[in-house]
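Each remark here refers to the structure printed beneath this line.
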Amino acid sequence: MENEKRTERNTGTGINENRLSDILIVSQIKATDTYETPPQIIWIDNSTIATLGNFSASTGKAKSKKTFNVSAIVAASLAGRQILNYRAHLPEGKQQVLYVDTEQSRFHCHNVLERILRLAGLPTTCDNENLDFICLREYSPSVRIEVIDYALRQGKGYGLVIIDGIRDLMLDINSTGESVEVINKMMEWSSKYNLHIHCVLHLNKGDNNVRGHIGTEMSNKAETVLVISKSNENPAISEVHALHIREKEFKPFAFTVDEGGLPVMAENHSFDGNASERSKNRTGFMNLSVEQHREALSIAFGDKPIKGFENVLQAMMTAYEAIGFKRGRSVMIKLLQYLTDNLKLVIKRDKLFYYDVTPTEAMLFDEE
């Protein structure tokens, strides 16, 4: 009887102990577990910008043609070929795309739908079985979230979900609580249904910061954040660069809209100084000080060695992100090599990696 009372008792979060026990069990990561690298689905040049199980974002000021840019991403995913500078491939069983618009009228949503189909080279006189487009403009934020959640539960094989207007999933974009809840939803949906979510959010009018607390949370958690901005030299041209990307950074590219209303590459476009500086000023790991490397490695290793190459990479990604250097796996591989060969801050012995091994410790380890 006492055991029954204990297992049925609710915790402070309102979750009963049986449920907490289930979560604890499925959340454990064990040394004997094996995990596959998340499937890559969207690229710019040779840089991966989207994988299944993650989320990303596009941001830009009003009239920067963010939706035109997202249309190209969706069209590339439907067509399985390059459109603008986007290449995409949705794996078998994940070839459906869900496009959610939260702010435009049905008339304008239909225009976006038609543009996507034309870009993908698909007929506009019939519905495409791989694209679901929903307009949620007239509903409250809570209802929008419930509808998206319901759509994903249908098990239709979505590989890519677009949320054009993530700020409309909340009442106050500066609310810490709402921001965390919405970003948690992005992480929950992308992980639970093994899909990629790409969100659209505005930049502030007065500067180049992503709007509100939701923008800060997104920049911290997203796999990639793209910025779409008007060219200073020609407002008819929009430029695309990475505000944040876990993998190697791609060269910025530019597009314009042709007479048929479709985005096309802006050939021979010269990027203005701001775009060039953004690309040049992105900090590389060799620009970090030895003190910064020591701080990150201290977080990663603590006072113990790490066993296994992949475990070292994951620990380093988390630790370097904590000091403001957020990069992906490919960069971490190069960084680990740099720390081992150049700075001698990491030493490898068989399958064990040590941080800052002293000569005495190295000698003792060798004797073992």
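The values are calculated or read from the model by the stated rules, or taken from the named source; none is laboratory data. From a predicted model like this one, the values you see are computed outputs, not experimental measurements. Cβ sites come from the backbone with ideal geometry, for glycine too, and all protein chains shown count toward neighbours. Accessible surface areas use protein heavy atoms only, side chains included; no ligands, DNA or RNA. Shrake-Rupley method; radii C 1.70, N 1.55, O 1.52, S 1.80 Å.
Suppose we filter 183, 148, 173, 163 for residues that are under 21 Å from residue 76 (Cβ atoms) and under 20 Å from the mean Cα position of the chain (by Cα); which single one remains?
163
Which of the following residues is modelled with pLDDT under 95, of a type in the set (Asp, Glu), more than 25 Å from residue 69 (Cβ to Cβ) and in contact with a Leu (Cβ under 9 Å, 6 or more places away or on another chain): 178, 138?
Step by step, each of 178, 138 is checked, and only 178 is modelled with pLDDT under 95, of a type in the set (Asp, Glu), more than 25 Å from residue 69 (Cβ to Cβ) and in contact with a Leu (Cβ under 9 Å, 6 or more places away or on another chain).
I need the full set of residues from the stretch 79-128 which are open to solvent by 30 Å² or more (accessible area, probe 1.4 Å) and among the aliphatic types (A, V, I, L, M), in order please.
Residues satisfying the conditions are 79, 113, 122.
Identify, from the list 301, 253, the residue that is under 20 Å from residue 83 (Cα atoms) and at pLDDT 85 or above.
The match here is 253.
Go through the stretch 68-111 and report how many residues are touching a residue at least 12 places away in the same chain (Cβ under 8 Å), closer than 22 Å to residue 44 by Cα and not polar (S, T, N, Q).
Qualifying residue count for the region: 21.
Can you list residue pairs whose Cβ atoms sit under 7 Å apart, with the first residue in the stretch 146-172 being closer than 19 Å to residue 128 by Cβ and the second being assigned to a loop (DSSP other than H, G, I, E, B) and of a type in the set (Gly, Ala, Ser)? Count only pairs 6 or more apart in sequence or on different chains.
Correct list of pairs: 157/93.
Those residues that are open to solvent by 90 Å² or more (accessible area, probe 1.4 Å) and farther than 21 Å from residue 112 by Cβ, I need them from the stretch 132-153; list them, please.
Scanning the stretch 132-153 gives 146, 150, 153.
What are the residues in the stretch 302-336 that are aromatic (Phe, Trp, Tyr) and buried (at least 20 other Cβ atoms within 10 Å of the Cβ), if any?
Within the stretch 302-336, 320, 325 qualify.
Among the residues of the stretch 51-70, is any modelled with pLDDT under 85 and among the hydroxyl-bearing types (Ser, Thr, Tyr)?
Among the residues of the stretch 51-70, not one is modelled with pLDDT under 85 and among the hydroxyl-bearing types (Ser, Thr, Tyr), which makes the answer no.
Hey, among 172, 149, which residue is under 24 Å from residue 110 (Cα atoms) and of a type outside the set (A, V, I, L, M, F, W, C)?
The unique qualifying residue is 149.
Can you name every residue in the stretch 226-257 that is open to solvent by 10 Å² or more (accessible area, probe 1.4 Å) and among the charged types (D, E, K, R)?
230, 233, 246, 247, 248, 249, 251
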